Amino acid sequence: MAIPVILDCDPGHDDAFNILLAAAHPTIDLLAITTVAGNQTLEKTTLNARRVCTVAGIEGVPIAAGRDRPLHGPVRVAASIHGESGLDGPGFKDPTVPLDRRDALTLIRDTLLAHPRPVTLVPTGPLTNIAAFLLAYPQLTDRIERIVLMGGSTDRGNTTPAAEFNIHCDPEAADIVLTSGLPVTMLGLNASHQVLATEDVIARFTALGTPLADICTEMLGFFAGRYREVFGLPGAPLHDPLTVAHLVDPDLVTFVRANVAVELTGTHTRGATVVDLHGVTGRAPNADVATVVDAGRFWDLIVGAVWALGAHQA
């Protein structure tokens, strides 16, 4: 039976591939997409979600805009990585997939209430929408199967030396999610840096020869170029699709059970995820934390999803 999923995202190049995988794979029942400010402003991330669904022929999945700023503090975007549009590289036409009239929290609420089974929430941007939902609708937590998020790290950050971007953008929201008591799975930088979109990987998309694959090649080319220039990496880590890939293939990623705390006040460490890998704090584990990824199987899933959607269009 397919896993019912709501994607909460901030597209973003890696978010785009997560949408494609969730829509393409029969293991996933993609119920809704909600957007949040993160990689770019809310207006741009919402437009990008509609753009991705349009070029991939993804219809019938409602898309709703969520929070345009964190629970506390200023909005931060990642234009240096994702460009001014948030999805630089391809030349997208105006999307035809519509925007739902509901806001993100209302769409999540309605979707949870309508579905006969508890739903898995998959946030891959700042956790503002998810935290706001948990605060607004605590009576609906039993309708949530689990939260599978991309964010944090067992190691260092990518926005500050200590903090990963998604958590750094809204540490208070991350703290609410991680202390919610719900089952949480965390896939952080230490895992996603094992799946770099190198030139060899990008060539696999080019070889597919479909219009959608060409768009994916352009997205990855821009994304990888930014990571080479900004971080000196040989390719771009495809962070966000690890979430859905894990749901599709539970053996793809190795996890450890650990306590994860979010630093809220540190002068140099605000937004850091403090992962107690060795149990030294004595605090009860509250998350399954990704450690090792089978990169070959991961890329097979992503390339397969792009092929399936592109071939269907043809």
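The values are calculated or read from the model by the stated rules, or taken from the named source; none is laboratory data. If you're wondering where the values come from, they're calculated on a predicted model, not measured in any experiment. Neighbour counts run over all protein chains shown; Cβ positions are idealised from the backbone, glycine included.
If you go through the range 93-127 one residue at a time, how many are assigned to a loop (DSSP other than H, G, I, E, B), under 24 Å from Thr243 (Cα atoms) and of a type in the set (Ser, Thr, Tyr)?
Summing the residues that are assigned to a loop (DSSP other than H, G, I, E, B), under 24 Å from Thr243 (Cα atoms) and of a type in the set (Ser, Thr, Tyr) in the range 93-127 gives 1.
Any idea which residue in the range 293-314 is farthest from Asp249 (Cα to Cα), counting only those that are at pLDDT below 95 and part of a helix (DSSP H, G or I)?
Just the residues of the range 293-314 that are at pLDDT below 95, to begin with: 310-314.
Now drop any that are not part of a helix (DSSP H, G or I), which leaves 310-313.
Details: Gly310: 22, Ala311: 22, His312: 23, Gln313: 25 Å.
Out of the qualifying residues, it is Gln313.
Those residues that are part of a loop (DSSP other than H, G, I, E, B) and either among the acidic types (Asp, Glu) or over 21 Å from Leu71 (Cα atoms) (or both), I need them from the range 177-192; list them, please.
Pro183, Gly188
If the requirement is being touching a strand residue (DSSP E or B) at 6+ places or on another chain (Cβ under 9 Å), under 30 Å from Gly57 (Cα atoms) and of a type in the set (Asp, Glu), which of these qualifies: Asp300, Asp240, Asp251?
Asp240
Please list, ordered by first then second residue, the pairs with beta carbon atoms under 7 Å, 6 or more apart or interchain, first in the range 186-204 and without any contact (Cβ under 8 Å) to a residue 24 or more places away in the chain and surrounded by fewer than 23 Cβ atoms within 10 Å (Cβ to Cβ), second of a type outside the set (Phe, Trp, Tyr) and part of a strand (DSSP E or B).
none
For the range 54-85, name all the residues that are free of Cβ contacts under 8 Å to residues at least 60 places away in the same chain and either buried (at least 23 other Cβ atoms within 10 Å of the Cβ) or outside any loop (DSSP other than H, G, I, E, B) (or both).
Thr54, Ile63, Ala64, Ala65, Ala79
Looking at Asp100, Asp88, which one is buried (at least 17 other Cβ atoms within 10 Å of the Cβ), modelled with pLDDT of 95 or more, touching a Phe, Trp or Tyr at 6+ places or on another chain (Cβ under 8 Å) and charged (D, E, K, R)?
After ruling out the rest, the residue left standing is Asp88.
Quick check, is Ile3 among the hydrophobic types (A, V, I, L, M, F, W, C) and under 20 Å from Asp103 (Cα atoms)? Before you say what the answer is, go through the steps one by one.
Details: among the hydrophobic types (A, V, I, L, M, F, W, C): yes; under 20 Å from Asp103 (Cα atoms): no.
No; evaluated as a whole, the condition is false for this residue.
Against the condition of a type in the set (A, V, I, L, M) and either in contact with an Asp or Glu (Cβ under 8 Å, 6 or more places away or on another chain) or over 19 Å from Pro250 (Cβ atoms) (or both), how does Ile28 come out, does it pass?
Considered against the rule, which asks whether it is of a type in the set (A, V, I, L, M) and either in contact with an Asp or Glu (Cβ under 8 Å, 6 or more places away or on another chain) or over 19 Å from Pro250 (Cβ atoms) (or both), Ile28 comes out as no.
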